[in-house]
Amino acid sequence: LVCLSTLLVWQTHFRQQQDHLRDGRFRFSLTQVTASLEAGLRLGFLVADLPGAQPLIDQVRARQTDIVSIDVFDQHGEILFSTDPAGLGSSVPTHWRTPCTQSSAGGWQGQTRDSDVQCQALVNSFGQASGGVLLRYRQLARTAPAVSLPEGWPFMLLGVGVLLAVALWQGCRPIRAAESRAQVLHAAVVDGGPLPPGPPDEKKKKKKNG
């Protein structure tokens with residue numbers, strides 16, 4: 001049970017660390033896209049007129065195949081640029097857009113049934129959110145097969161426990177015999193009585209039997 005508990009704790013910790021590192025990698029890509037687009041906003045461009053927005057998100061998407069899509073939307077949630085042509089002109093859900101554009105902690109993160117979502121606001125030179133960048137990526141780290149235990153593992157674990165108990169008991173027998181003899185010797189010395197006979201000599205025993 002201790003071994004099983006240790007395995008499960010280690011597995012959970014490993015997957016959490018894996019998810020954290022993976023989320024950080026996509027957050028870095030999202031931050032790069034956001035910073036590049038905000039540079040255009042500070043020059044006076046509107047989100048719909050940002051130069052190089054489409055090639056930029058296409059390039060980032062091509063470098064990381066786990067990315068499902070990257071969408072650039074305006075303050076009303078309308079998607080103006082996207083790596084998924086089917087998403088152009090559609091609207092970002094309000095429960096995604098609102099926390100994304102109002103977040104002061106560097107972005108917002110959520111989940112769908114089959115993907116993770118990260119979003120960062122596009123802030124203009126006046127410090128106002130003019131829209132945002134939405135990045136969706138596959139949940140490979142969470143859906144990857146975990147360390148699986150073989151079928152019938154409780155019986156295997158019980159068998160290992162029994163073997164360990166037997167081995168421990170067998171190993172303790174000589175120690176208990178030595179302790180018992182030491183106590184008899186100690187009592188004989190203290191009481192002044194005769195010493196008990198020692199263990200039989202194996203060589204003499206063999207000659208006698210021969």
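The values are calculated or read from the model by the stated rules, or taken from the named source; none is laboratory data. Predicted model, so just to flag it, every value in this text is computed and none were measured. All Cβ positions, glycine included, derive from the backbone under ideal geometry; neighbour counts span all protein chains shown.
Worth pointing out:
- All positions within the stretch 81-118 that are closer than 20 Å to LEU46 by Cβ, in contact (Cβ under 8 Å) with a residue 40 or more places away in the chain and assigned to a strand (DSSP E or B): none
- Some residue of the stretch 63-77 being modelled with pLDDT of 95 or more, hydrophobic (A, V, I, L, M, F, W, C) and more than 18 Å from GLN139 (Cβ to Cβ): yes
- Filter result for the condition that a residue is modelled with pLDDT of 60 or more and not basic (Lys, Arg), over PHE14, PHE45: PHE45
- Output for the stretch 40-85, where each listed residue is aliphatic (A, V, I, L, M) and farther than 24 Å from SER125 by Cα: VAL60, ALA62, ILE67, VAL68
- Restricting ASP58, ASP49, ASP71 to those that are without any contact (Cβ under 8 Å) to a residue 24 or more places away in the chain and charged (D, E, K, R) reduces the list to ASP49.
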